[in-house]
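Working notes for the structure below.
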Amino acid sequence: MKSFWKYLSNRKTIVWMLFIFWLTALLITFLYSLTWEAFWYGSAIAAVFLVLFMGFDLYRFQEQNKVWKLVLNQEKLLDIDLSKCTSDLLLQEVFKKIEKEEFERQENEHAKYGRLIDYFTLWTHQIKIPISAMELLLKNDPERVMDLKEEALQIKRYTDMVMAYLRLESESGDYVFENIDLDEVIASVIREFSIEFIYRKIPIDFQKTNLIVLSDRKWLRFALEQFLSNAIKYSEGQKITIRNIGYDLFIEDRGIGISKQDLERIREKGYTGHNGRLYSKESSGLGLYLSDIVLKRLHHPYTIESKVGKGTTIILSLQRHDLFKDDLDLGS
């Protein structure tokens, strides 16, 4: 019934014309004193043909509506029979939807392009520092192997970070959830930074967790690398401790700490704060920004506690999740 009223609304011009013709026939019958029998007989015949025509036209109208609904819902677009698309009932609405979606797509592309330009501009400046340092070392003191290795590690970290950024910006995620030996992942991250621990003479106290967690190995490792890198960067040679209480993982340093005003903004893209300005050689303000995105997608919440002059503690919750019950939004 709803479809029929839509049909009448779309054909209202024809309906009004038919009504005017019927009134005209009625007026002629009255003015020329024709028999009412002839009028009603003619009206009945016209009504039969009108019903047949409207029935066929209503069928075509409904078929056309089905096609346009498919277009509006963007479903099975390749299966559309274009020969049925003769009605302009929803055409304006379709074009408005297409125009809106095209505008949104272009806005998203411009925003993504802008983010990439910003990131690569910053990354280019960052990568120049260890490269220049290596050139100076090779020129002036090629035997300082540890210094060279430390600078090479910085280059690797910046390269890994830019690759992670590109993967995070892509539309499709490459998350593979599995049961992971947390101690194995932490140990591999510590080995990755072994040169920095030796170079900066920082003691590390890793207390085994004996935990099996459900996560993505590659992305969890990436987040832990960023946390440990910051701990090394700002520890000022003080001990770093990695331990757990249940499924909460603690990464603690006893370094310079973070001020309250900086603590509220350190997850922002490119924000380095007071510490970053003091350690501008190494700070890009991107590590925590990327880690924050990753851990949200992994559903691993974390908190950062810090006091100036006392150190910083990151508490990462690795509580197991049931993938069949949790609605993990991996693409956001």
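How many residues does the stretch 233-274 contain that are part of a loop (DSSP other than H, G, I, E, B), at pLDDT 90 or above and farther than 28 Å from ILE195 by Cα?
Qualifying residue count for the region: 2.
Could you please tell me which pairs satisfy a Cβ distance under 8 Å, a separation of 6+ or placement on different chains, a first residue in the stretch 16-27 that is over 15 Å from TRP40 (Cβ atoms), and a second residue that is of a type in the set (A, V, I, L, M, F, W, C)?
Sorted first by the residue in the stretch 16-27, then by its partner, the pairs are LEU18/LEU50.
Does LEU82 qualify as being under 35 Å from the mean Cα position of the chain (by Cα), surrounded by 13 or more Cβ atoms within 10 Å (Cβ to Cβ) and at pLDDT below 70? Even if it seems obvious, please write down each step before you answer.
Numbers: under 35 Å from the mean Cα position of the chain (by Cα): yes; surrounded by 13 or more Cβ atoms within 10 Å (Cβ to Cβ): no; at pLDDT below 70: yes.
For LEU82, the condition - under 35 Å from the mean Cα position of the chain (by Cα), surrounded by 13 or more Cβ atoms within 10 Å (Cβ to Cβ) and at pLDDT below 70 - is not met.
Among the residues that make up the stretch 296-306, is at least one of them open to solvent by 30 Å² or more (accessible area, probe 1.4 Å), assigned to a strand (DSSP E or B) and at pLDDT 90 or above?
Scanning the stretch 296-306, I find at least one residue that is open to solvent by 30 Å² or more (accessible area, probe 1.4 Å), assigned to a strand (DSSP E or B) and at pLDDT 90 or above, so the answer is yes.
Any idea which residue in the stretch 200-232 is least open to solvent (accessible area, probe 1.4 Å), counting only those that are on the phi < 0 side of the Ramachandran plot and of a type in the set (D, E, K, R)? It would help to see each step written out before you state the result.
Of the residues in the stretch 200-232, the ones on the phi < 0 side of the Ramachandran plot are 200, 202-209, 211-232.
Okay, now just the ones that are also of a type in the set (D, E, K, R), so 200, 205, 208, 216-218, 221, 225.
On the way: ARG200: 63, ASP205: 48, LYS208: 145, ASP216: 5, ARG217: 84, LYS218: 90, ARG221: 60, GLU225: 23 Å².
Top of the filtered list is ASP216.
Within the stretch 307-332, can you find the residues that are at pLDDT 80 or above and not aliphatic (A, V, I, L, M)?
LYS307, GLY309, LYS310, GLY311, THR312, THR313, SER317, GLN319
Which one of LYS100, LYS128, LYS156 is open to solvent by 60 Å² or more (accessible area, probe 1.4 Å) and modelled with pLDDT under 70?
LYS128
The values are calculated or read from the model by the stated rules, or taken from the named source; none is laboratory data. This structure is a prediction, so every number in the text was calculated from the model and none was measured. FYI the Cβ positions are ideal-geometry reconstructions off the backbone, even for glycines, and counts take in every protein chain you see. When the accessible area is computed, the model is the full protein with side chains, heavy atoms only, and any ligands, DNA or RNA have been set aside. Shrake-Rupley method; radii C 1.70, N 1.55, O 1.52, S 1.80 Å.
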